[in-house]
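Step one of this worksheet: look at the structure below.
The values are calculated or read from the model by the stated rules, or taken from the named source; none is laboratory data. Since the model is a prediction, treat every value here as computed from it, not as a measurement. Methodologically, a virtual Cβ is constructed for each residue, glycine included, from the backbone with ideal geometry; neighbour enumeration extends over all protein chains shown.
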Amino acid sequence: MPVHNAAQWLEECLQSILNQDFPGSMELSVFDDASTDGSRKMVEDWRERLVMKGISLQISGHSSLIGCRVERFPEGSTERYTRWINTLSQEQLSTQVFTSHGPSIIMPTWFCSRMWFDKVGQFDEGGKGVPEDLLFFYHCLRQGLGVRRVDQCLLVYRYHEKLQPTLDTIWKLRVDFLQERVLSQWEGFTIWNAGKQGRKLYRSLCPANQKKVKAFCDVDENKIKKGFYTYEESKERPKPKIPVLHYKDATAPFIICVKLDMTGGVFEENLTSLQLQEGKDYYHFN
């Protein structure tokens, strides 16, 4: 039921819904179209009466960035990325926003209200190399927008070789956003991957967050036997040495720098075995 400044008619409308004699389960989904006359509160005041009649109530409004699933063309190009963008759960749309894949819903599918667009601000037109879609996506999250996806394929998305991102710029943006949104809330954490990507993340962190790194963890016996990663570029004396542990011996929370869908399911099984909650105990930064 779409509602826009309908307070004077809502009593009659909601009473008619309450009077329904349909014996099955019912849900009233109200979409508040930016009402300014108290319509939303009036509907909320009816919640208890509706629930007592067996009618569940959902009230929504303009508070999400909405995308959809896509078909990649030519078929088979960027296979892992396409699978990722199309299969994230609704919860993962909000937790897997730090990965190298970029926004968790693909930019050409975005819809949001004009009010939110004006509040977030326009795209950064700084020129070639500016990741304007990633910047806009981060600004949306900072403003409190949710992320939702219509689970239908509504776009054909063409791939070509000139789609080359500015990797260094995007890396810095991702690291800064991770530090702002996650690491600032943690007292300590483990980096899952003692290899190239994990060490690169460590070196990219600000000094305060570097000191929060309790350990690296891995499955590579050679890295684990070595015992430590020494930050050779550090100006500190003695140079920081970070323990390298087996993942079963490490403690949450984790920042995971392991690529998904690359180990035949082995990494995913290892992660599942720890019975952790994504968005609380770990975030992907692969």
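D168 falls short on exactly one of the conditions (1) at pLDDT 95 or above; (2) surrounded by fewer than 16 Cβ atoms within 10 Å (Cβ to Cβ); (3) assigned to a helix (DSSP H, G or I), and that condition is (1).
Out of all the residues in the range 76-100, which are assigned to a loop (DSSP other than H, G, I, E, B) and either more than 11 Å from the chain's Cα centre (by Cα) or on the phi > 0 side of the Ramachandran plot (or both)? Matches in the range 76-100: G76, S77, T78, S100.
Restricting the first member to the range 28-43 and to residues that are of a type in the set (S, T, N, Q), and the second to residues that are in a helix (DSSP H, G or I), the beta-carbon pairs closer than 9 Å and six or more apart or on different chains are S35/A7; S39/A7; S39/L10.
Would you mind stating whether G264 is modelled with pLDDT under 95 and either closer than 26 Å to L88 by Cα or not basic (K, R) (or both)? So G264 passes the test.
Being within 27 Å of I255 (Cα to Cα), of a type in the set (A, V, I, L, M) and not in a helix (DSSP H, G or I) is the requirement here; does L141 meet it? No: the conditions fail for L141.
Of all residue pairs spaced 6 or more apart or on separate chains, those with beta-carbon atoms under 7 Å, a first member in the range 250-264 that is closer than 24 Å to K212 by Cβ and a second member that is in a loop (DSSP other than H, G, I, E, B) and of a type in the set (A, V, I, L, M, F, W, C) are A252/L276; P253/W186; I255/F285; I256/F285; C257/F285.
Here is a yes/no grid of residues against (1) of a type in the set (V, I, T); (2) out of contact with any helix residue (DSSP H, G or I) (no Cβ under 7 Å at 6 or more places or on another chain); (3) surrounded by fewer than 17 Cβ atoms within 10 Å (Cβ to Cβ); (4) not in a loop (DSSP other than H, G, I, E, B):
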position: K225; (1), (2), (3), (4): no, yes, yes, yes
position: E232; (1), (2), (3), (4): no, yes, yes, no
position: R237; (1), (2), (3), (4): no, yes, yes, no
position: P243; (1), (2), (3), (4): no, yes, no, yes
position: K248; (1), (2), (3), (4): no, yes, yes, yes
position: T251; (1), (2), (3), (4): yes, yes, yes, no
position: V258; (1), (2), (3), (4): yes, no, no, no
position: G264; (1), (2), (3), (4): no, yes, yes, no
position: F267; (1), (2), (3), (4): no, yes, no, yes
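Name, by its number, the condition in (1) buried (at least 16 other Cβ atoms within 10 Å of the Cβ); (2) not in a strand (DSSP E or B) that does not hold for T36. Result: T36 passes all but (1).
Checking F216 against (1) in a loop (DSSP other than H, G, I, E, B); (2) under 22 Å from K172 (Cα atoms); (3) touching a Ser or Thr at 6+ places or on another chain (Cβ under 8 Å); (4) of a type outside the set (S, T, Y), only one condition comes out false. Which one? F216 satisfies every listed condition except (1).
Just one of the numbered conditions (1) surrounded by 11 or more Cβ atoms within 10 Å (Cβ to Cβ); (2) in a loop (DSSP other than H, G, I, E, B) is not true of I17: (2).
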